[in-house]
Structures are given as C-alpha cells and as structure tokens.
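Working notes, beginning with the structure itself.
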Amino acid sequence: MIKKVSSLLIGLLLLSLVLGQNDAIKVSASSVEGIPSAYESEITFLTGKSIIQGYPDGHFHGSDEVTREQAATMVGRALDLEGEQRDTKFPDVDENSFASGYIQSAVEAGVIKGYPDGTYQPKSIMTRGEMAYLISNAFNLKATSEVSYHDVKEGSNVATPVNLLTTAGISEGTPEGNFLPDKTITRTEFSLFIARGLNADFKVSQDEEEEEEAQKALSEKVVDADFLNVRQGPGTEHKTVGKLMTGETVSVYKKEGDWRYIQSGNLKGYVHSYYLLDKPKGDWKVALDPGHGGRDPGASANGLIEKEVVLDVGLRVREYVENAGIDTVMTRQTDWYPSLAGRVVLATDNNADAFVSIHANAFMKSATGVETFYYSAGLSDREYASYRLATFINDRLYKEMDMYNRGVKDVGYKVIKDNPLPAVLTEIGFLTNDEDSSKLKTDKYREAAARAIAMGIVDYYNWKE
Ligand SMILES: [Zn+2]
C-alpha cells in the first residue's frame, strides 16, 4: 500500500510539473480539450486525478514535446530529490533555472547523465530512448525479457532501458517492430508512460496472445483446510490478506516453490499448495442421502435423534460439495421418509453418478468411532468404485471427527446393495457413546463431519479423473 501511494504521488508530481509548469491559469480537468481519442482512458485517468491539466487555452496539446530540463525536474521530484536551485556540474545549466537543483540531484543519484562533452542541453527535446532511461530509473524497473526491435542494437546504450520498459508493459514499439529511440517524445507519449507506470490496467504487451495466455489460470483447485490464510507473499512471514474455507474454489495463476498465487472472487494472494485439492473437471453429480426421516427416527440416545443429526450434516455436506463445483441431489431435505428403494430411484432419475448415505450409529455405550460401508458381491467396476469412495470418506472422517477408526467394511445394506451406482453408507459416530454424542451435539463437529464427507467425495472424483 505504501508503495502504491508513493508512486501515485510521484506521478502527480511528475505530471503537474512537466505538463503544467507553464500554466499561468489552472484549467480544470473536465475542460481539457483535444485529448487524442485513442488514449482517452489513459489520459482521462490522469486528468481525473488532476494529474494533467490543459494549457491556458484549455487544450491538451498532445503533440507538444518535453524538454530535458522538464524531464530531469520531474524525475527529481519523483525520487524526492533535493530541488533547491543551485550550481550544477553542467556549464550549460544556469543555477537560477527552475530545474538546476533537480538536475544536479538526479545526476548525483545516478538517474540522469549528461552528454559525453560534459553538457546537459536542458532546452533540447527528450528522445524516446532517453525517456526510456529516465522512466526505467524513476520506476525502478528491474525485470528484462526477450525483447527485440529492428532499430535497437543489442548492447547499445538504450537497449537495456528499452527492454525494461517493454518488459514492464509501459512502452511498445511500432507495428513494424521498431522502437524509434531517437524520435522526440510528445506529451501524449509521456502521459501514456506515466499512466501505464501508475496503473497496470493500461499496460501493453508485446504480444496480446501471450498476455491472454499469461492471464489464463494454470489450474482450478478446491480449498482443503478450515480457514486457509491467504497471504501477500509466498511465505508465512507475509501478512494475511484474507481467509478461505473448506470447499471454496480458487484459480491458480503462479507457482513459487510450495506456494501458489491464487484468486477466489475478489481475493488474491498466496496460499500453501498443501491445502489445495484438484477441482474435479467433469460434470459430476452425487446423491446425498440423510438416513431415516419422518416416521422413522433411526437411533435415539443422549438427547439426539439420528434423523435430525444426519439431515443437518447432509445439508452441510451439500453446501461444501456444491462450493467445490460438484452437483448434488438430496434424497430428502426435510423430515420425511422416502423408502429405501425410492431413494435409489430418486438418485438415478436425477442422473446422479454416486450415492452417499449418511447415518449415526447406536450400540452398547462403550462402542465408539466412525465406519463406512460398501457392498461387493463381485469385482465389478461399481463395487471397486464403492470401495474407493468409502475409503476416501472414512479416511477423512475419523481424522476430522478425532474419533476411533472402525474402518471400511463390506456389508450388504439394502440402500447400497440394490443400487446401480457406486454407493456407500457412512456412520459418523455413536449416539449411544458419551464422547461421540457430545461431539455430535456441536456445530463444530457437524461441520467437521460434513467437511470430511464432502472432501472425500472430491477425492473420489479426482481419483475417477
Ligand atoms: Zn441409521
């Protein structure tokens, strides 16, 4: 943030000085005329911030040129150099000129240099090549890339600054592949350089396709962590700029070691790759079946009724799964009892491709933990897929619930046996057990169960793909 503000200030100083220094009368931004229509948004951006003002006649005069003393002054102000008028190392700069202090300070800072004959030629017009040198220093540009122009020789004085400006997207050459480093610079060109230096939206690319490619996400991911910190930089030492929740999807744009630069809605920043699952690409649809309902309460113990607990958890699973981009169909969303066969028909009629039934257990007081069932009468694809789905869910469930792992078991319950889909039945703990039931009473553990089941479903589809 500090950086942004200071570069804006730099821009303000630069432009109000160079573009407005001859203005005896201040002209309001809205009355500036003669702005070239091709660059209206860039220049309007600058006038909107009162960075540009017109000449006393109200016109922009975009084709007017910029002198070397104006340029030195603006760079001096940009870098907050000492501007007090004084003697300079150049015999051709009058110490009483408005620019003398900035010229001398800018030379001392290594930002500008004179001609080989020791002069500065303050009234000469700046060339595009000279401006490349100034702007790349003023904005402290460091990154280079493969850049080539017909009229910029490799190893020449302007080659590096021109490369820096091009790489930063601040300047571009002609359609014929020239940069025109010896051409004098106009107010319009100068305004574009500043607008692009200040606002990335105005930047240009050597190759539009390349830029589009660069903006395309590398991959889509699903967050697999309760409250994942999004940071300003790739490391835990960087400030947190936001948080993401389990099941939220993100687009990955850049990899830096174990860190990923992501965007999710308006939130952008770095997250650790450990907490990102692949987002399934297919058009998947899972049937979620909260057990029992209506006239069938299921198990009851310790003040909990199974049909209520599993409906609540099932609706939470739906939210997580749908956030991850997977469609769902619920066999019930309220307190009613669909038959076991009816639940399967509901799933297949709605084109579900997998079936997850959610239950809570009851037995002796001492029995505890989670378990997940699948049914295999043979070695069909459906049965193997059922086994994998059960394993993905159960492996997450016992960890999230912090409960004993009773494992994955092959049992022919009707709803998973008489079912053409890969199907599992998961038991999220024992209502009859004191510890399990005290967990199942809380939002915290109902959320944990839902996350585990949902992320197990994501694991399953990633395995399918
Ligand atoms: Zn049950």
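The values are calculated or read from the model by the stated rules, or taken from the named source; none is laboratory data. Please read all numbers here as calculations on a predicted model, not as lab measurements. Reconstructed Cβ throughout: ideal geometry from the backbone, glycine too, with neighbour counts over all protein chains shown.
Values for this structure:
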{"read-out": "Restricting the range 407-427 to residues that are among the acidic types (Asp, Glu) and either within 12 Å of the ligand (Cβ to nearest atom) or in a strand (DSSP E or B) (or both), the residue that is nearest to the chain's Cα centre (by Cα)", "value": "GLU427"}
{"read-out": "Test for GLY325: is it exposed (fewer than 14 other Cβ atoms within 10 Å of the Cβ), at positive phi, more than 16 Å from the ligand (Cβ to nearest atom) and small (Gly, Ala, Ser)", "value": "no"}
{"read-out": "Flag if SER357 is exposed (fewer than 15 other Cβ atoms within 10 Å of the Cβ) and under 25 Å from PRO420 (Cβ atoms)", "value": "no"}
{"read-out": "The one condition in (1) over 23 Å from TYR384 (Cβ atoms); (2) within 16 Å of the ligand (Cβ to nearest atom); (3) of a type outside the set (A, V, I, L, M, F, W, C); (4) touching a strand residue (DSSP E or B) at 6+ places or on another chain (Cβ under 9 Å) that SER339 fails to fulfil", "value": "(4)"}
{"read-out": "Where ASP353 falls short, out of the listed (1) within 16 Å of the ligand (Cβ to nearest atom); (2) under 21 Å from ALA450 (Cβ atoms); (3) of a type outside the set (Val, Ile, Thr)", "value": "(1)"}
{"read-out": "Meets criteria (within 16 Å of the ligand (Cβ to nearest atom), crowded, with 23+ Cβ neighbours inside 10 Å, among the β-branched types (Val, Ile, Thr) and modelled with pLDDT of 95 or more) for THR432", "value": "no"}
{"read-out": "So TRP259, is it away from the ligand (no atom under 14 Å from the Cβ), under 19 Å from PRO422 (Cβ atoms), among the aromatic types (Phe, Trp, Tyr) and in contact with a strand residue (DSSP E or B) (Cβ under 8 Å, 6 or more places away or on another chain)", "value": "no"}
{"read-out": "All positions within the range 295-322 that are in a loop (DSSP other than H, G, I, E, B), within 16 Å of the ligand (Cβ to nearest atom) and in contact (Cβ under 8 Å) with a residue 12 or more places away in the chain", "value": "ARG295, GLY298, ALA299, ASN302"}
{"read-out": "Unique residue being in the same structural domain as ALA299 (by TED's automatic domain parsing), in a loop (DSSP other than H, G, I, E, B), within 16 Å of the ligand (Cβ to nearest atom) and modelled with pLDDT of 95 or more when the list is ALA360, ALA449, ALA367", "value": "ALA367"}
{"read-out": "Single residue of LYS439, LYS444 found to be touching a residue at least 24 places away in the same chain (Cβ under 8 Å) and not hydrophobic (A, V, I, L, M, F, W, C)", "value": "LYS439"}
